[in-house]
Amino acid sequence: MTHPLKAYLVETETTESAFAEKVGTKPSYLSQIICAHRHPGRALAKKIENATGGLVKAADLLTWEPAEAA
């Protein structure tokens, strides 16, 4: 399963760098979130939700875990 933020970025043809700047974080930190190495804090998760027009939910970002490979 694809991370919901990654799916949004692909769909909108937005780079991680451009989106990171939009929400006020570093591209490397955003990449760690997308790769499921880290979860964003609540404030950043809410900024991401607002920046995506609600298409990516803060609650999903705070709890998202990658599906295990079969």
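The values are calculated or read from the model by the stated rules, or taken from the named source; none is laboratory data. The model shown is predicted, which means the values in this text are computed figures rather than measured ones. FYI the Cβ positions are ideal-geometry reconstructions off the backbone, even for glycines, and counts take in every protein chain you see. Accessible surface is based on the protein model in full, side chains and every heavy atom, while ligands, DNA and RNA are left aside. Shrake-Rupley method; radii C 1.70, N 1.55, O 1.52, S 1.80 Å.
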ask   = Does Ala18 count as open to solvent by 70 Å² or more (accessible area, probe 1.4 Å), modelled with pLDDT of 95 or more, among the aliphatic types (A, V, I, L, M) and in a helix (DSSP H, G or I)?
value = no
Filter result (within 10 Å of the chain's Cα centre (by Cα) and within 15 Å of Ala58 (Cβ to Cβ)) within segment 24-33 = Leu30, Ile33
key: Hits in segment 39-48 - residues which are part of a helix (DSSP H, G or I) and over 9 Å from the mean Cα position of the chain (by Cα)   = Arg42, Ala43, Leu44, Lys46, Lys47
ask   = Which condition number in (1) more than 16 Å from Thr63 (Cβ to Cβ); (2) over 10 Å from the mean Cα position of the chain (by Cα) is the one that Thr52 fails?
value = (2)
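Results for (1) hydroxyl-bearing (Ser, Thr, Tyr); (2) farther than 12 Å from Lys6 by Cβ; (3) open to solvent by 40 Å² or more (accessible area, probe 1.4 Å), shown as yes or no for each residue.
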{"residue": "Val23", "(1), (2), (3)": "no, yes, no"}
{"residue": "Ser28", "(1), (2), (3)": "yes, yes, yes"}
{"residue": "Ile34", "(1), (2), (3)": "no, no, no"}
{"residue": "His37", "(1), (2), (3)": "no, yes, yes"}
{"residue": "Leu44", "(1), (2), (3)": "no, yes, no"}
{"residue": "Leu55", "(1), (2), (3)": "no, yes, yes"}
{"residue": "Ala58", "(1), (2), (3)": "no, yes, no"}
{"residue": "Thr63", "(1), (2), (3)": "yes, yes, yes"}
{"residue": "Pro66", "(1), (2), (3)": "no, no, yes"}
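Residue by residue, here is whether (1) of a type in the set (A, V, I, L, M, F, W, C); (2) out of contact with any Gly (no Cβ under 9 Å at 6 or more places or on another chain); (3) assigned to a helix (DSSP H, G or I) holds:
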| residue | (1), (2), (3) |
| --- | --- |
| Thr2 | no, yes, no |
| Lys6 | no, yes, yes |
| Thr14 | no, yes, no |
| Thr25 | no, yes, no |
| Gly54 | no, yes, no |
| Ala59 | yes, yes, yes |
| Pro66 | no, yes, no |
key: Residues of segment 2-17 satisfying the condition of being in contact with a helix residue (DSSP H, G or I) (Cβ under 9 Å, 6 or more places away or on another chain) and more than 15 Å from Ala58 (Cβ to Cβ)   = Thr2, Lys6, Leu9, Thr12, Thr14, Thr15, Glu16, Ser17
